[in-house]
Amino acid sequence: MHKLMRYIKGYEKQALLAPLFKMLEACFELFVPLVIASIIDTGIKNEDAAFIWTRCGLLVLLAAIGLASSLTAQWFSAKAALGFGTALRKDLFRHIGTLSYSELDGIGTPTLVTRMTSDINQVQNGVNLTLRLLLRSPFIVIGALIMAFSISPKLTLLFIGVTITVSLIIWAIMRVTVPIYHEAQNGLDRVTLLTRENYVGARVVRAFARQADELAAFVETNDHLKKLQFAAGRISALMNPLTYLVVNLAVVALLLRGGVEVDAGKLTQGEVIALINYMSQILLSLLRLADLVVSITRALASGMRVNEILNTHTTMQDPGTAELAVNDAAEAAKFEHVTFTYKDAGAPSLTDITFTARPGETIGVIGGTGSGKSTLIDLVCRFYDADNGGVALFGHDVKQYSFAQLRRLVGVVPQQAVLFTGTIRDNMQWAAPGASDEEIWQALEIAQAAEFVRGKPGMLDAPVETAGRNFSGGQRQRVGIARALAVNPEFIVCDEPVSALDVSIQAQVVNMFEDLQQEMGLTYLFIAHDLSVVKHISNRIGVMYLGKMVELADSYELITHSIHPYTRSLISAIPVADPITARQSKRIVLQGDVPSPLNPPSGCRFRTRCPYADEQCANEVPEFKEVSTGHWAACHHLDRVK
């Protein structure tokens, strides 16, 4: 927690004045029992109305000064705590933005959301209460003991015994409840996770009629959280009855012993009343101190969770180098024996990937789910760094580019187009902050998005709701494509860029990609499940299977003379327009289940579904080699397949 105290910087004065004003309030509070004692012993005893009214006026004055001191302390502590929380939240948000995908994958989005919101609020409340009560409560307890000692040293022993007993009760209850509060905070993470999953995947949940199952899982998790909070609440509820029982018994003992002292003339009636008031002050201060300790404990636990994020440093540093000269004569992209494994994954997602993309060329990549297609894009954009091998763009390793230059060099059209709250102009200027309206309209025209944008009230100033929910899937995708084009990139990576578009718009966008390639010499890495689209737009096509590239060739060559059995099965599934040809064509149906990418087979990964597999396939990994000019494949039995 002490590491977070640097965020109080700029509010040191408020952090110092808040407890000082609280202690000033406490001083006035300690004088109140003495004034009441004087009213009883002098004013009431002597029936001196003027004295009584004078002392009552003094009580009002003490209350007014105490109230002013308390409000001042509250203002200073609230300002310091809010400033602390704002600075911490800002820095945590900034720090999360520096983390690579690897760290974010390991931490998880629900945990980050909880720590940005609930945990920082807990820490902020802890700072607020600490500034208000950390010095005040002990000061009241010690001050009340001293004042009681000044009245009756003998009866002060009773005060000390009560203070120790109440402190032990509070300590015992807190020792039991604090771990429960920690577990409840972790349970809140789980509730946040389930809530987010159901919100993001609402359509999928409804499509498969899983509402009841999801509700049952949420209710189970929520009930577990409720049980934890009830358990802590029941135990904490014992604090007031037990402490008040001890104090009331002490008051009874104080009255009995005080009466004897009054009869003996050693104490006055007013002094006994003062002692009872000091006893109440000690009890209230200890209870407030207990609340403070609970809040501080929660704040410490939350502070540790926030610190975990702040102490997580990115493994992907921005080189921050000067602008590198783009070598147009070099390959636009080059993968050289690249292997990559996601954090905590059981197996590599990419293994020994080698291929190049020439400037102005479109490389299409096809393959099943989990084959590693999207991971290729992540490495080109340097969202992750390869474990082995290297990825280069225009003659330089991607690690040599500054993040700013790399983002301008590579335009990204992700699988799920994400729009942010604001306006269409705001979203377009995410990629190019200085883009003019003319440049934005040009990008929208190219992406076939200008027509529907003009039809919206405000056009470029039309509002965009959270995640672009007031746009259709196709509209979001087209705005996403336009945003990628707004930076005038030299290399564009497309991950299922036309999956959310209808057939007519899909054809327009594909034609647009081709026109841009011819006019601007752009290079594409185009990933799609639809082989007919990839066939149409690509110069060369690569085929992925469980993290390995099994075949790479010219588009026409691959379609008409494919070698690998997996490629042949994919091509046989391409729809044929002519019904007679479609009936005559034979579709290749692979046998066996698709192995998990987390536990791929040894040797050739396709062997469990390959009709030509033998012992060699089980023991040896096939080499990815050039079998004819520009045609690469990885198979032990190329001759048999041919």
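The values are calculated or read from the model by the stated rules, or taken from the named source; none is laboratory data. A quick note: this is a predicted structure, and the numbers were derived from the prediction, not measured. Quick reminder, even Gly has a Cβ in these numbers, built from the backbone with ideal geometry, and neighbours come from all protein chains shown. Keep in mind that these areas ignore ligands, DNA and RNA; they rest on the heavy atoms of the full protein, side chains included. Shrake-Rupley method; radii C 1.70, N 1.55, O 1.52, S 1.80 Å.
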Among the residues of the range 70-85, are any farther than 30 Å from ASP119 by Cβ, surrounded by fewer than 16 Cβ atoms within 10 Å (Cβ to Cβ) and hydrophobic (A, V, I, L, M, F, W, C)?
no
Quick check on the range 267-290. Is at least one of its residues crowded, with 21+ Cβ neighbours inside 10 Å, without any contact (Cβ under 8 Å) to a residue 40 or more places away in the chain and part of a helix (DSSP H, G or I)?
yes
Tell me, yes or no, whether the range 581-602 has at least one residue that is farther than 25 Å from SER349 by Cα, at pLDDT below 85 and surrounded by 16 or more Cβ atoms within 10 Å (Cβ to Cβ).
no
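Every residue in the range 190-246 that is in a loop (DSSP other than H, G, I, E, B) and either among the aliphatic types (A, V, I, L, M) or surrounded by 12 or more Cβ atoms within 10 Å (Cβ to Cβ) (or both), please.
If the condition is that a residue be in a loop (DSSP other than H, G, I, E, B) and either among the aliphatic types (A, V, I, L, M) or surrounded by 12 or more Cβ atoms within 10 Å (Cβ to Cβ) (or both), then GLY201, ALA209, ARG210, ALA237, LEU238 are the ones that fit.
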Of everything in the range 394-412, what is among the hydrophobic types (A, V, I, L, M, F, W, C), open to solvent by less than 20 Å² (accessible area, probe 1.4 Å) and on the phi < 0 side of the Ramachandran plot? Give them in sequence order.
VAL398, LEU406, LEU409, VAL410
Any residue at all in the range 529-546 that is farther than 29 Å from ASP593 by Cβ, at pLDDT below 85 and part of a helix (DSSP H, G or I)?
yes
Being β-branched (Val, Ile, Thr) and under 28 Å from GLY372 (Cα atoms) is the filter; apply it to the range 299-338 and report the residue that is surrounded by the most Cβ atoms within 10 Å (Cβ to Cβ).
VAL338
Has the range 163-181 got any residue that is at pLDDT below 85, open to solvent by less than 20 Å² (accessible area, probe 1.4 Å) and either in contact with a Phe, Trp or Tyr (Cβ under 8 Å, 6 or more places away or on another chain) or not in a helix (DSSP H, G or I) (or both)?
no
Report, ordered by the first and then the second residue, all pairs with beta carbons closer than 8 Å, sequence separation of six or more or different chains, a first member in the range 505-522 that is among the acidic types (Asp, Glu), and a second member that is open to solvent by less than 40 Å² (accessible area, probe 1.4 Å).
GLU514/ILE537
Restricting attention to the range 366-378, does a residue exist that is over 32 Å from the mean Cα position of the chain (by Cα) and under 23 Å from ALA325 (Cα atoms)?
no
Pairs under 8 Å by beta carbon, first residue in contact (Cβ under 8 Å) with a residue 40 or more places away in the chain and open to solvent by 70 Å² or more (accessible area, probe 1.4 Å) in the range 413-440, partner among the hydroxyl-bearing types (Ser, Thr, Tyr) and assigned to a loop (DSSP other than H, G, I, E, B), six or more apart or different chains?
GLN415/SER499
Just the residues that are in a loop (DSSP other than H, G, I, E, B), open to solvent by 10 Å² or more (accessible area, probe 1.4 Å) and farther than 20 Å from ALA553 by Cα, please, taken from the range 358-393.
THR369, GLY370, ARG382, PHE383, TYR384, ASP385, ALA386, ASP387
